[in-house]
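What follows is a short report on a single structure.
Each reported figure results from applying straightforward, stated rules to the coordinates on display, with no laboratory input. This one's a predicted model, so the numbers in the text were calculated from it and none came from an experiment. Reconstructed Cβ throughout: ideal geometry from the backbone, glycine too, with neighbour counts over all protein chains shown.
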């Protein structure tokens, strides 16, 4: 007697079906195809209205023209009629020795590099202490860390002005410790004051990012390293630091990106031309009716900021590939 051939619809088991496309490994079978696009629609509309559309207007202003009488910008919304003369002039000024544009970009790069390093040097020990040694006081330390966010940035900078005045508490402490013979003029356009203000303003972001990574490290890995003969210092450098490398990169990106556009800190703590940053230059261009040049500077800043963002994206993708293998 001949054996009956199996039904193709049930050949691979009772749970297999031949109707409809494969849902894929990332989408459960019971979710319709339009579920995730519909869920992402509000955020997409939000980004288009509040980011993509305003940025396109900036492009139209930067590549537009000026009213010859009132010197007001005339945006050019047709990309085929854009004019790149002012933008190229701004780029040339950045690479021209002795120009204001080059000086402000140099100040910004130096301040951001030093301040980012400072936030990392301060933030890593603090995050390490809270994640490993704070114990039952961990929530109290985190609450104290987040408390400044309830106060406006301007009020915190104004408090620093009071502290750094010639008769402020900082100079009083330095004089009491006999560390200075005369009170330093902290608010007379010193770069160190701007850098300290940037470190103070953005250090909490670095601490939070590093704390999240340090708190997720399995303690058994450190115990295994100690069992293999590594001391506490070597276990820290050989195990803890490599496991938090992505968090370090993420923290540096998170704190450095807003520093590049910061102009408030310099305006309050220094306010002089020899410490001006790119954000101050953009503000000056806009207030002096040179809106086209200001928009061109915004585009240059965006291109500059894309570099650390691309590096972070590539390093994260590379780390995922390593973990996947």
Next item on the list: Arrange the following residues from fewest to most other Cβ atoms within 10 Å of their Cβ: 157, 309.
Entry: 309, 157
Next item on the list: Enumerate the residues in the range 187-225 having an amide nitrogen under 18 Å from the point lying 7 Å beyond the Cα of residue 174 toward its Cβ.
Entry: 187-200
Next item on the list: Would you mind ranking 320, 136 so that the residue whose beta carbon has the fewest other beta carbons within 10 Å leads the list?
Entry: 136, 320
Check: Under the classification rounded if a/c is under 1.5, otherwise prolate if a/b is larger than b/c and oblate if not, where does the chain fall, given a ≥ b ≥ c as square roots of the Cα gyration tensor eigenvalues?
Finding: oblate
Check: Taking 0.36 nm per residue of separation and subtracting the Cα-Cα distance, what length does fully extending residue 52 through residue 218 add?
Finding: 55.6 nm
Next item on the list: Provide 259, 277 in ascending order of the number of other Cβ atoms located within 10 Å of each residue's Cβ, fewest first.
Entry: 259, 277
